[in-house]
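Everything below concerns the one structure shown next.
The values are calculated or read from the model by the stated rules, or taken from the named source; none is laboratory data. Given the structure is predicted, the values throughout are model-derived calculations rather than measurements. Cβ sites come from the backbone with ideal geometry, for glycine too, and all protein chains shown count toward neighbours. Quick note on the areas: whole protein, heavy atoms, side chains included, nothing else; ligands and nucleic acids left out. Shrake-Rupley method; radii C 1.70, N 1.55, O 1.52, S 1.80 Å.
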Amino acid sequence: MSSDHVTLWDRCLSIIKDNVTDEMYKNWFVPIVPDSFENNVFVIQVPTHFFYEHLEQQFRNLLLHVLYRVFGPGVQLKYKVTVVSKTQTTVQIDGAAKPLNFDHKKMKPAEEVPDPFKQHVYEELDSQLNPNYNFENYCLSPSNQLARTAGETIADKPGKNAFNPFFLFGESGVGKTHLVQAIGVRIKERNPSARVLYISSHLFQVQYTNAVLNHKVNDFINFYQSIDVLLIDDIQELANKIQTQNTFFHIFNHLHQNNKQLVLTSDRPPVSLEGMVPRLLTRFKWGLTAKVERPDYELRKNILLNKVRHDGLAIPDEVIEYISRNITDNVRDLEGVIVSLMAHATIFNRDITIDLAERVLSTCVQVEKKQITIESIKQTVCDFYDMDPKLLQAKSRKREIVQARQISMYLAKKYTDSSLSYIGTTIGKRDHATVLHACKTISEQIGIDKALRANVAEIEELLKK
């Protein structure tokens, strides 16, 4: 057997391997034995007749293209099928009804099997970015300060910073997608020719699957290796997709080695990701890992105010505060409630009030009212007056201590179901008559003392946050 056709077949296998899954390659191409190549007829030996039929049905086009590329135009394929009996023999079968003949006028070799050493020039790329997700309307707070600062640094010098890759994680709806897209938007603003792509992991998986089915894995990899800034959302969705992860690993390596920027988001940190190949997890930790926390009260309020100003809406401050206090999970709920609130007000021709906000919230989200206890009241009152809570238990008759104790009793009666005796015992070890007197005193003073009324109102707001 001449070694020439064996060498040529090895070249064919290297191309085929890049266009099928590892399992397909192992099951359907490794068992093939190159038999001979004479008079432009290439003969391969296969184990069974079923094997031959499967190759013809599933991989004929791939074989057609690869043989043309390696062996040259006009090549024909024939099979030798091993027949298992007492004496092992082979039966020669022509490859399908038509030989692998090519019309040069209809087909160009380079279009069938791309030259891996020739850089493809891609058309202008649709970055899939939403211009409304930018840094200008991304509200800053302690819950996202690290992530936002890193994001702006990346946008200033993509690929040429210490935050590559940038791994961003946090619960759903805390603003990860907004921040990731803001990075891409700013990069495109400053360098319109930059190849920036935002994509979800789910779509990446779908694209890879289609590439495998259409024998275009090389094209898929080459395209992604041409990206300057790759923004991938919800990377945890690639869990247990081993072939996709292996392909992404090679894309990741190429981009990172060429100083291209990678930004990934997940609902959990790399250390908590399951179903990921270890070498990929290691690379996720190369750069900066930053968490975006659930939005705090001030951030939620600022997000709502920003949306109200941006959309030119008229919503009373107390309604904004009510929504900010009662929606604590994520930003999407905040924006959804504003839309629902405006729809109810417009359709039913109603003013936007706390009552309307309560009704809308009850249908949109689960409103969890903060439980106010006597202990939280004592602590909040003492914090407001910068006082040690132990002083409420003292027998001191100093005016500021007495007033703090009376306010605590007044609020305990208003916000808890505790008996007067229990309130008195818990706050200052007084009897129920003292509690009644304290409540009456504060109620009367609130009516005439503007400063005290403002202080009590502020304490109540603090209790509800």
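Quick look at the numbers
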{"item": "Protection-proxy order for peptides 165-171, 235-241, each taking the mean of Cβ atoms within 10 Å per residue, highest first", "result": "165-171, 235-241"}
{"item": "³J(HN,Hα), Karplus 6.51/-1.76/1.60, whole Hz, each residue of region 337-348, x for Gly, Pro", "result": "5, 4, 4, 5, 5, 5, 5, 4, 5, 6, 5, 9"}
{"item": "Positive minus negative residues near residue 439 (Lys, Arg vs Asp, Glu; Cβ under 13 Å)", "result": "+4"}
{"item": "Heavy-atom SASA rank of 342, 276 (probe 1.4 Å, accessible area, largest first)", "result": "342, 276"}
{"item": "0 to 90° range, to nearest 10: angle between helix 176-190 axis and the chain longest Cα axis", "result": "70"}
{"item": "Estimated 222 nm signal from helices in the chain, with DSSP H stretches of n ≥ 4 weighted -39500 (n - 2.57), rounded to 500", "result": "-16000 deg cm²/dmol"}
{"item": "Part-to-part distance (alpha-carbon centres) for region 1-31 and region 140-176, which is given in Å", "result": "44"}
{"item": "On Cα atoms only, tilt of 297-311 relative to the major axis of the chain in degrees", "result": "70"}
{"item": "List 395, 216, 188, 450, ordered by accessible area with a 1.4 Å probe, largest first", "result": "395, 450, 216, 188"}
{"item": "Peptides 292-299, 440-447 ordered by average Cβ neighbours within 10 Å, highest first", "result": "292-299, 440-447"}
{"item": "Order by protection proxy (mean Cβ within 10 Å, highest first), peptides 419-430, 20-31", "result": "419-430, 20-31"}
{"item": "For region 130-144, 3J(HN,Hα) per residue [Karplus equation, 6.51 cos²θ - 1.76 cosθ + 1.60, θ = phi - 60°, Hz, x = Gly/Pro]", "result": "9, x, 6, 8, 9, 5, 4, 10, 9, 5, 8, 7, x, 6, 9"}
{"item": "Between region 211-261 and region 378-397, the alpha-carbon center distance in angstrom", "result": "61"}
{"item": "Folded to 0 to 90 degrees: helix 201-213 orientation relative to the chain principal axis, Cα", "result": "10"}
